[in-house]
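Q: First the structure, which I've put down as structure tokens, then a few questions once you've had a look.
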Amino acid sequence: MVTVTAVCAAMVASGSAARAGGVPGLGGGFLPGNLVVSESFYGGNPGIVAGKTQLPPGCTTGCVTATAGSAYPQVFNNDLVDANFGVTSRIFLEQLTPAGRPLGSMAVNRLFTSFSSKSELALNLSPDGRTLSFMGYVARPDQVDGSNSNTPGVVDPTNPVPSAFYRAAAQLSGDGRMRITETNAYSGNNGRAAITAETGGKQLIYTAGNADGAEVGHLVPVRPVVR
């Protein structure tokens with residue numbers, strides 16, 4: 001497996017100390033004064049065969065043939081023929097001391113990122129220091145072109161990627177409890193960052209990202225999916 005570490009890290013504030021019992025993979029949990037770094041691993045099993053697999057998978061228009069198989073790093077040469085190319089992969093949050101000593105890693109369930117995107121998985125700590133927020137896809141691992149998929153509630157019929165996955169904002173507390181809020185925002189592209197803030201007595205999630213290739217230059221509240 002191959003790993004890429006996001007360039008963004010967040011400091012764990014004093015208000016976010018873990019409760020007794022800890023976090024799986026992190027022993028005592030997220031501890032005040034430490035760093036949290038987002039990571040992802042390429043699983044290497046998207047099932048791509050060079051010269052045979054059609055990209056994007058399930059396409060009906062704008063189809064191209066893969067020029068490389070699933071092996072890393074050659075698999076990402078497929079972006080030469082498929083501009084949307086990417087592979088969904090698991091998210092991990094690693095805790096480090098300020099000196100860089102690793103203390104453990106927490107696996108994130110239900111939410112995935114797109115390998116090898118460097119613009120995703122930004123980590124932001126809420127102003128009160130209690131909630132760490134980030135964005136991802138409600139998908140499965142090894143899904144090709146998931147970062148350019150539609151969202152289920154906002155389908156662009158001209159999008160050559162036929163799959164549909166919700167985007168979502170994750171809110172992580174110091175004791176490892178995670179809340180995932182699904183949204184139809186950023187259909188056709190990716191959510192890049194999220195932050196939680198209390199406004200007018202309400203806890204709001206603000207996000208930034210792209211939709212159908214159009215840059216969102218301001219923070220907007222997430223509209224949760226109601227099902």
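Q: Could you work out how much longer the chain between Thr61 and Asp212 gets when fully extended? Use 0.36 nm per residue separation minus the Cα distance between them, nm to one decimal.
A: 52.7 nm
Q: At q = 0.19 Å⁻¹, what log₁₀ I(q)/I(0) does a Debye calculation on the Cα points of segment 61-195 give, no solvent, two decimals?
A: So the normalised log intensities work out to -1.09.
Q: Could I ask something else about it? Across segment 188-198, in residue order, what do the Karplus-derived ³J(HN,Hα) couplings come to in whole Hz, using 6.51 cos²θ - 1.76 cosθ + 1.60 with θ = phi - 60° and x for Gly and Pro?
A: Karplus values, whole Hz, x for Gly and Pro: x, 7, 10, x, 9, 7, 8, 9, 9, 8, 8.
Q: Mind checking the full-extension length gain between Ala71 and Leu96? Use 0.36 nm per residue of separation minus the Cα-Cα distance, one decimal, nm.
A: Full-extension gain reported as 6.0 nm.
Q: Ok, one more. Can you sort Glu182, Glu120 from fewest to most other Cβ atoms within 10 Å of each residue's own Cβ?
A: Values: Glu182 22, Glu120 26.
Fewest-to-most Cβ neighbours within 10 Å comes out as Glu182, Glu120.
Q: Something else now. Given R₀ = 35 Å, what would the calculated FRET efficiency be for Lys202 paired with Ser119, taking r from the Cβ atoms and rounding to 0.05?
A: Result of the calculation: an efficiency of 0.75.
Q: Which order, highest average first, do 74-83, 167-176 follow once you tally other Cβ atoms within 10 Å for each residue and take the mean per peptide?
A: So the order, starting with the most tightly packed, is 167-176, 74-83.
Q: Additional query: So, R0 is 30 Å and r is the distance between the beta-carbons of Arg177 and Val154; what FRET efficiency does that work out to, to 0.05?
A: 0.55
Q: Let me ask something else. Once the other residues with Cβ under 12 Å from the Cβ of Leu123 are scored (Lys, Arg +1; Asp, Glu -1), what is the net sum? Write out the running numbers ahead of the final one.
A: On the way: positive: Arg192; negative: Glu39, Glu94, Glu120.
Neighbour charge sum, excluding Leu123 itself: -2.
Q: Distance from a point 7 Å along Cα→Cβ of Asp128 to each backbone N in segment 147-181: keep the residues under 17 Å and list them by number.
A: Residues passing the 17 Å test: 171-179.
Q: Order 132-141, 193-202, 35-44 from most to least packed using the mean count of other Cβ atoms within 10 Å. Walk me through the numbers on the way to the answer.
A: Working: 132-141: 22.9, 193-202: 15.0, 35-44: 19.7.
In descending order of packing, they fall as 132-141, 35-44, 193-202.
Every read-out reported here was derived from the displayed coordinates using simple, explicitly stated rules and does not represent laboratory data. These figures come from a predicted structure and were not determined experimentally. Cβ sites come from the backbone with ideal geometry, for glycine too, and all protein chains shown count toward neighbours.
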